[in-house]
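Since every read-out is calculated from the coordinates, none of them should be taken as a lab result. Here the structure is a predicted model, which is why all the values come from computation and not from measurement. Virtual Cβ from ideal backbone geometry, glycine too; neighbours counted across all protein chains shown.
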Number of protein chains: 4
Amino acid sequence: MAPADFVHHERVRFGDLDAMRHLNNVVFLRYFESARIAFIRELVPEHDPAGPEREGVGFIFAECHIVYRSPVYFDEEIAVHCSIGEVRRSAFQICFAMRVQGRLAAEGHGWLVGYDYAEQRSARLPEALRERLEAAAPSGAE
Amino acid sequence: MAPADFVHHERVRFGDLDAMRHLNNVVFLRYFESARIAFIRELVPEHDPAGPEREGVGFIFAECHIVYRSPVYFDEEIAVHCSIGEVRRSAFQICFAMRVQGRLAAEGHGWLVGYDYAEQRSARLPEALRERLEAAAPSGAE
Amino acid sequence: MAPADFVHHERVRFGDLDAMRHLNNVVFLRYFESARIAFIRELVPEHDPAGPEREGVGFIFAECHIVYRSPVYFDEEIAVHCSIGEVRRSAFQICFAMRVQGRLAAEGHGWLVGYDYAEQRSARLPEALRERLEAAAPSGAE
Amino acid sequence: MAPADFVHHERVRFGDLDAMRHLNNVVFLRYFESARIAFIRELVPEHDPAGPEREGVGFIFAECHIVYRSPVYFDEEIAVHCSIGEVRRSAFQICFAMRVQGRLAAEGHGWLVGYDYAEQRSARLPEALRERLEAAAPSGAE
């Protein structure tokens with residue numbers, strides 16, 4: 001029932017290359033941003049990434065880790081696989097793996113922490129959100 | 001036979017928005033870059049945008065003009081319509097119109113000029129290329 | 001008295017290059033954006049580009065034209081010279097020339113049109129703004 | 001003698017903001033890219049980031065980790081402090097801390113691994129480079 005694995009697709013644009021003619025290291029983080037926003041919108045359809053303060057309590061991106069595994073070239077199609085990792089009271093982890101025609105291009109994760117836009121400080125995740133995240137996490141089916 | 005109208009699609013990413021929560025003006029030019037490269041590759045399949053100097057004579061982007069018609073928002077799907085405009089001995093024009101669900105978001109054009117990578121200077125367009133461009137131009141069917 | 005010529009500086013970053021190892025055509029427009037915002041803030045110190053709707057009537061970027069004159073390379077220092085061009089009742093023009101160590105890298109202009117954020121439509125430029133723009137325009141000293 | 005702490009400066013541009021009117025998370029990685037390239041060029045003046053394959057053995061960016069500490073706003077000046085962390089036979093770490101007027105905006109590190117451009121595979125760091133890195137590392141003064 002839960003999206004154990006969400007996949008977002010990107011196609012490498014000329015403007016994503018750097019002087020080495022590889023997908024630039026920074027653009028991997030941009031792809032991960034687009035992928036996790038699409039993933040979160042599937043889990044939480046009412047989430048509006050371009051106006052989250054209207055929701056009262058949202059989450060902010062607090063940490064990222066990327067391991068680059070192989071170079072990526074112009075016009076290649078990247079599948080960004082996302083999954084929910086650890087879920088805590090006030091934070092959760094999204095893990096990703098970027099694959100290009102079977103080879104692993106990069107992998108890593110990000111941490112998102114609950115944030116109260118009215119109070120302008122970190123906050124516990126809303127109960128309803130945490131339940132959905134736990135249901136989507138690999139161990140959530142137990 | 002000729003692609004009278006080539007269409008490239010983009011979906012507005014969170015990272016394409018600016019502080020006004022609109023598609024940033026600079027990103028329109030990025031979309032046009034991606035669209036015209038895809039268009040040129042359809043007209044000239046042997047063209048390699050990430051290594052054009054291997055072709056001897058290529059073309060460089062020399063001028064652009066963009067008229068912004070209406071704001072574009074997160075997650076909207078943009079159709080970038082491209083067509084060949086004027087074709088000269090050493091330059092040609094690519095015209096574009098960006099449409100979002102029927103409304104016109106922007107329009108404009110770019111000029112590309114022939115360039116000799118060995119000599120490092122502008123050059124006449126190769127005859128074969130010019131023929132293909134003229135065939136693809138609206139008046140090319142006459 | 002009026003800033004007949006405003007200069008904004010950029011230093012070409014690795015991330016601004018494309019696969020041709022030149023300053024990418026799109027980044028010229030990004031540089032122009034940064035330059036004109038700094039220029040406008042000098043002319044209109046109370047302007048807040050990251051929250052213009054609080055000012056009631058602002059302006060939006062409506063058109064741009066760029067002519068690329070010579071390639072620009074990694075770590076080069078660009079001087080973006082800006083000046084006010086034509087000033088109309090509801091729009092004004094900002095002209096620019098980008099120079100790198102004496103050579104002209106690009107030139108062009110943009111049009112900004114008055115915009116009423118409350119009414120969400122184009123509007124006449126506030127009188128005080130138009131006076132400042134006219135004073136800053138080359139012919140404003142007459 | 002060794003640059004125990006290298007500092008690169010960035011000023012937040014309008015185009016670096018996202019829809020939340022904060023410095024976008026991806027742009028922190030861009031700033032780190034610019035900073036570490038400037039840092040490496042100070043340590044290894046003969047290094048050409050836009051043509052490293054001419055050097056025979058260079059290094060590629062293999063991993064990054066960023067912890068975001070506080071939001072950053074339009075026009076703020078960021079000091080990106082860089083230092084050499086761990087130095088191994090075929091890889092080394094660059095650590096960074098981004099400070100804005102005394103507050104910590106982000107911190108993290110990247111790993112660079114030796115790369116043989118002719119053989120197209122990872123390689124031991126050249127001896128001369130490793131010596132310079134070790135001299136620049138905090139413990140290098142022992």
Could you calculate the FRET efficiency of A:R54 with B:D48 from 1/(1 + (r/R0)^6), where r is the beta carbon distance between them and R0 is 45 Å, rounded to 0.05? 0.45
So what is the relative contact order for the range D:6-136, in percent, with contacts set as C-alpha pairs under 8 Å and at least six apart? 28
The helix A:127-136 Cα axis meets the longest alpha-carbon principal axis of chain A at an angle in degrees, between 0 and 90 and rounded to 10, of 40
Evaluate the charge dipole of the range D:1-61 about its Cα centre and quote only its size in Debye, nearest 20, assuming +1 on the Cβ of each Lys and Arg and -1 on the Cβ of each Asp and Glu. 280
Give the nm distances, rounded to one decimal, from A:G51 to the matching residue in every other copy, measuring between label points 7 Å along Cα toward the beta carbon; shortest first. 1.9, 4.7, 5.1
Roughly how big is the protein assembly as shown's charge dipole about its Cα centre, with Cβ charges of +1 (Lys, Arg) and -1 (Asp, Glu), in debye to the nearest 20? 0
With Cα coordinates, the longest principal axis of chain A makes an angle with the long axis of helix A:25-43, in degrees rounded to 10, of 40
Estimated [θ] at 222 nm from DSSP helical runs (n ≥ 4, -39500 (n - 2.57)) normalised by residues in chain A, nearest 500: -6500 deg cm²/dmol
Listed peptides B:51-62, C:59-70, C:24-35 by packing density, highest first (mean Cβ within 10 Å): C:24-35, C:59-70, B:51-62
